[in-house]
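Right, one structure below, let's go through it.
Please treat every number below as a calculation from the coordinates, not as lab data. Keep in mind that this is a model prediction, so the values were computed, not measured. Positions of Cβ are backbone-derived with ideal geometry, glycine not excepted, and every protein chain shown enters the neighbour counts.
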Amino acid sequence: MGLNKSNSLYFQEKLRELRKEHLYRELRTIEDISHSRKGTSAPDVKNFSSNDYLGLSKNRFLVRRLRNLHTSKISQCSSRLISGNTKSLEKLEKALSKHRKATSSLLFPTGFMANLGVLGCIPDNETIIFSDELNHASIIDGCKLSPSKIQPYPHNDLIELEKSIKKYSYKRKIIVTEGIFSMDGDMADLKEIARISTENNCLLLVDDSHGDFIIGNNNLKDYGGTPSYFGVNRGVDIHISSLSKGLGCFGGYVSCSKLVREYLVNKSRPFIFTSALPDYLAEIALMALQLSKEGILQTNLYKNIEYFHTIAKEQNIKTRKIEKSPIIPLLIGSEKKALEVSKKLLKQHFFVQAIRYPTVRKNEARLRISLNSDHNQDHIYELLIYIAKFLKN
Ligand SMILES: Cc1ncc(COP(=O)(O)O)c(C=O)c1O
């Protein structure tokens, strides 16, 4: 059955508006992007838009282990509280707690759901949430699920944050920030935020989806993310993260105290009313976690980041260098121009996604380059030469 005429017109009009503003999105398959070049002499498309920062999603050892997993089930087909809980899920939670230096952890099907799951049930109507204005959509949507007052603060402006916290008298105060920001690649100064949180009796939530497994305390081979980097693990009350980025797997998790975990198990709707993460994904994430601890992949990644910035400087490409951050935004401004540059790069076999509103603010469109440990320096060089050329034209 088709849509009736007025419903059809409604959707057509909305889509027309998006096209007009260069904000229209369409799905492409990875095979479309790489043009399925098998059997041709054309070069493969080099992907500079993946969050697989350590290349673990394609790690040969892990893929082999995945094939050899003697799993008897594709999915538990049930929520954790019914019949979906397994030893592997609990084993992974234990390992993630150690990894984040927390006493317990709780898996969610995705990082997006972890944010909805935490922010949707912890803040109540006597709570105020201070949220960095550039926080990810899942944090924003999580905040919207709560009955609390939401008070955004200017990006990484901690003086404003502290002023704002002191100004409002609410029974409970929550600060929520990303660790490494997903679209800007910069870091929240967690040392200072943890101080503000402690001194003002707040609850500090950090979504570290992009710093987790990537940065930390390298001398200790601790890749526990932004809190480890700043040495403030204890100052963060609730860690939220994704397994689908640095770890190259799939899923989301929260690390916190036992009490908070107990509360989430009882109150978090995106945890209670959905199917459990399939068991084999937990098994493979456990192996990936062990591999990530060796530190070899991070060392390769850091070398690529350093090399990228050196060549970008030589080519007069303006980038903001954030030490060890694999996300490098090249601000273009116009949505149309960002799309054009991205298309031209694809013609040269480089995939760099143009990021536009509502992911970022209007007229702040950008190319978001994400580096990984598998990138080859010749490719990074070639990419930057093309970018320099296309930005000029
Ligand atoms: C900061 C941040 N939080 C959460 C998510 C969602 O994670 P997932 O892809 O596991 O749902 C993303 C995804 O891009 C993200 O960038």
Which ³J(HN,Hα) values in Hz, rounded to whole numbers, follow from the phi angles of segment 326-337 under the Karplus curve 6.51 cos²θ - 1.76 cosθ + 1.60, where θ = phi - 60° and Gly and Pro get x? x, 9, 10, x, 10, 5, 10, x, 6, 4, 5, 5
Which value in nm describes the separation of the simple spin-label points at residue 388 and residue 30, placed 7 Å from the Cα toward the beta carbon? 3.2
How high is the FRET efficiency between residue 15 and residue 221 when r is their beta carbon distance and R₀ equals 51 Å, given to the nearest 0.05? 0.55
In whole percent, what relative contact order does segment 73-292 give with Cα contacts below 8 Å and a gap of six or more residues? 30
Would you please put 187-193, 218-224, 58-64 in order of how densely packed they are, using the mean number of other Cβ atoms within 10 angstrom per residue and starting with the highest? 187-193, 218-224, 58-64
Farthest toward positive dipole pole in the chain [+1 Lys/Arg, -1 Asp/Glu at C-beta], among 304, 6, 77: 6
When a footprinting reagent is the concern and you count Cβ atoms within 10 Å, what order do 153, 253, 386 take, fewest first? 386, 153, 253
Give me the percent of DSSP beta bridges within the chain that run antiparallel, rounded to the nearest 5. 50
Cα→Cβ-extended label distance, 7 Å offset, between residue 98 and residue 191, nm: 2.9
I'd like the Kirkwood hydrodynamic radius of segment 73-292, using the inverse of the mean 1/r over distinct C-alpha pairs, in Å. 17.2
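For the chain, what is the per residue volume of the convex hull drawn over the alpha-carbon atoms, in cubic angstrom?
183
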Whole-angstrom gap from segment 65-134 to segment 289-340, using each part's C-alpha centre: 29
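With a Förster radius of 51 Å, plug the Cβ-Cβ distance of residue 81 and residue 337 into 1/(1 + (r/R0)^6) and report the FRET value to the nearest 0.05.
0.55
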Return the sequence-ordered ³J(HN,Hα) values of segment 238-246 in whole Hz as given by the Karplus equation 6.51 cos²θ - 1.76 cosθ + 1.60 applied to θ = phi - 60°, using x for Gly and Pro. 9, 9, 10, 7, 10, 9, 9, 10, x
Amide H partners (placed H, <5 Å) of residue 153, local residues excluded: 131, 132, 133
Please list the non-local residues whose amide H lies under 5 Å from the amide H of residue 222, H modeled 1.01 Å from N, same-chain partners needing a gap of 5 or more. 217
For each of 72, 79, 88, count neighbouring Cβ atoms within 10 Å of the residue's Cβ, then give the residues from fewest to most. 72, 79, 88
Most exposed to least, judged by fewest other Cβ atoms within 10 Å, 317, 165 sort to 317, 165
